[in-house]
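Visitor: Take this structure first; my questions come after.
The values are calculated or read from the model by the stated rules, or taken from the named source; none is laboratory data. In this text the structure is predicted, and so the values were computed from the model without any measurement. Methodologically, a virtual Cβ is constructed for each residue, glycine included, from the backbone with ideal geometry; neighbour enumeration extends over all protein chains shown. Note: accessible area is taken over every heavy atom of the protein model, side chains too, but ligands, DNA and RNA are not part of it. Shrake-Rupley method; radii C 1.70, N 1.55, O 1.52, S 1.80 Å.
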Amino acid sequence: MKPLDPRLLRHASAARRVLALGGGLGLLRTLATVAWCWFLANALTVVALPVLAGAGGGAGRIGENAPDPGQLTSLVAGAAAAFVVRAVAGWAMDVTAARGAVRAKEQLRAAALDALDRAALHGVASNGAVPAAETTTILGRGLDALDGYFSGYLPQLILAVVATPVLVVAILLADPVSGITVLIVFPVIPMFMVLIGLATKTVQDRQWAQLRRLSGSFLDAVEGLSTLKIFRREYRQAARIAREADDYRLRTMKVLRVTFLSGFVLDLAGTFSIALVAVTVGTRLVDGAFPLALGLFVLLLVPEAFIPIRQVGAAFHASTEGLAASSDVFDLIDGAASADAGQASHVSVRERSESPEASILAVEAAMIRRGDHIVAGPVSLTAGAGEFVALAGPSGSGKSSLLAAVLGFAEVASGQITRPDTVSWVGQKPDLARGTIAENVALGEETPDPELVSRALDAAQLSGIAPDAALGALGAGLSGGQAQRVAIARGLYRAWARNAPLVLLDEPTSALDAGTEARVIKALRAEADRGVAVVVVSHRAAVLAAADRVVTLAAPHSETSVLADRTGK
């Protein structure tokens, strides 16, 4: 867990603005602090010297370079002005940090949501998706915890970087002995911060993981509540959530205990360090070997030098939840960016030539890669105008990954794929949204064509459902088979509206009964008859029997992934 993750500056421009403005305001606040200490020390010297002289304590250098008593008013006014400047600069830093937090969270959420949209495309046939409940927790409670990071930790980090060197240099110039003492004892606090930070990271990571598990369990229970109530298992799930909630409570208390102990240790180390300097300055003042004004100036300045580093440690522990969540957000955003870079880099996917004799889809010895693994290939196939081609093979042979590569969502490690620039696609999951049936069928169209929507619904065997029927979240209100047919209707609508020469379907009839499946296959056959290339991934015997050709894929890295190519339909 880094004190300042460089990815924050890369993905949230508001963070860069906070650092830039905060650095300038921090420097102004530091200079005002030095001026305040100097004015206050001299004002106290003007008041104290006559008292010390009357008590016989003015021997030695104690009155050296003392200001004129007539300057007391100007010294007090200077101290008050410096104090006001310091307070205003501190307030401005807090306002800048608070506004930066709001803007940075907005930018990170927007980037993360864009990444989720891209991941939904890149994630065709992917098994590594983050559960919805965990994503909600990361983008909700997790990013909200960045408020503490920006409002508490970041201003103190800026002060620790800007103010501490300036104050230490000022002490060295005022009194080299005190300055050297500060330099010797100062590293003790960062050393304790590192040791305590390692312990805090462990307990904080466990607490954050437990919160994600609790969120996932709660969402799973809510989604399956009707089924749980049917089988009278809702109380068992409630007990499980209660146990996980109690575990989260215990882990939260452990984090708080470590946080309080870390604050105590840092305060103790800082107090001892300041006391060491104060003893040396006080001894020399009593001995009369040190000017009173200079001694007071150093004594006022030393705590100011230690305060930023002590507070940055305490604020860091208070913001670790936000740091842990932001790390997950950065991983999500960077993962999508890597997928985009990979998609942009494979030149093996190209658009189809416009020559009339060319195949609509041509795959030539293609090897499909996801991450560091080859998940399909080598495979070769073609689909011409008017052909109905089926992809078959055991689970894990890479059928869906091949479709993903055709769509440009997976990387082609070797070989070549040639496809048209407009493709209609139906995935394994319907992925319906809240809205009407017509809006889901014509997804992406600003003004859906009612006639085309009705025609697509009829072709998908949904003529009994009104296009203006409203659906709930995730398509609530339809059965699994109906939702699948809405997705098929969506694919047909796009093929007709965009004149797509290629239609790709991934297990389009897996949730349909035999009679409905036969009628859907007839509609797909009709698409091929009108000159469209239809490529279907399926395990269903009826689909394979209806195809003009069946290309069967084997596991990747075999001598050839095409085990059978049945023609002659």
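Visitor: Quick check on my filter: what residues within region 457-486 are open to solvent by less than 10 Å² (accessible area, probe 1.4 Å) and over 18 Å from Gly515 (Cα atoms)?
Guide: Once the filter is applied, which keeps residues that are open to solvent by less than 10 Å² (accessible area, probe 1.4 Å) and over 18 Å from Gly515 (Cα atoms), region 457-486 yields only Gly475.
Visitor: Name the single residue that is farthest from the chain's Cα centre (by Cα) among those in region 94-107 being closer than 19 Å to Gly152 by Cα and open to solvent by less than 70 Å² (accessible area, probe 1.4 Å).
Guide: If we take residues in region 94-107 being closer than 19 Å to Gly152 by Cα and open to solvent by less than 70 Å² (accessible area, probe 1.4 Å), then Val95 is farthest from the chain's Cα centre (by Cα).
Visitor: Still on this structure: Anything in region 183-210 that is within 17 Å of Asp267 (Cβ to Cβ), touching a Phe, Trp or Tyr at 6+ places or on another chain (Cβ under 9 Å), at pLDDT 70 or above and part of a helix (DSSP H, G or I)? List them, or say none.
Guide: The answer is Val185, Val188, Ile189.
Visitor: Looking at Leu471, Leu478, Leu457, Leu403, can you tell me which residue is in contact (Cβ under 8 Å) with a residue 60 or more places away in the chain and under 23 Å from Ser510 (Cα atoms)?
Guide: Going through Leu471, Leu478, Leu457, Leu403 in turn, just one is in contact (Cβ under 8 Å) with a residue 60 or more places away in the chain and under 23 Å from Ser510 (Cα atoms): Leu403.
Visitor: If a residue has to be under 23 Å from Pro291 (Cβ atoms), touching a helix residue (DSSP H, G or I) at 6+ places or on another chain (Cβ under 9 Å) and not small (Gly, Ala, Ser) to count, how many in region 265-280 make the cut?
Guide: 4
Visitor: Now for a separate question. Could you check region 224-323 for helices (runs of 4 or more DSSP H) lying wholly inside it with 3 or more residues that are of a type in the set (Gly, Ala, Ser) and modelled with pLDDT under 75?
Guide: Helices (runs of 4 or more DSSP H) meeting the threshold: 234-286, 292-318.
Visitor: Looking at Gly491, Gly568 in this structure, which one is open to solvent by 30 Å² or more (accessible area, probe 1.4 Å) and either of a type outside the set (Phe, Trp, Tyr) or at pLDDT 85 or above (or both)?
Guide: Being open to solvent by 30 Å² or more (accessible area, probe 1.4 Å) and either of a type outside the set (Phe, Trp, Tyr) or at pLDDT 85 or above (or both) holds for just one of Gly491, Gly568, which is Gly568.
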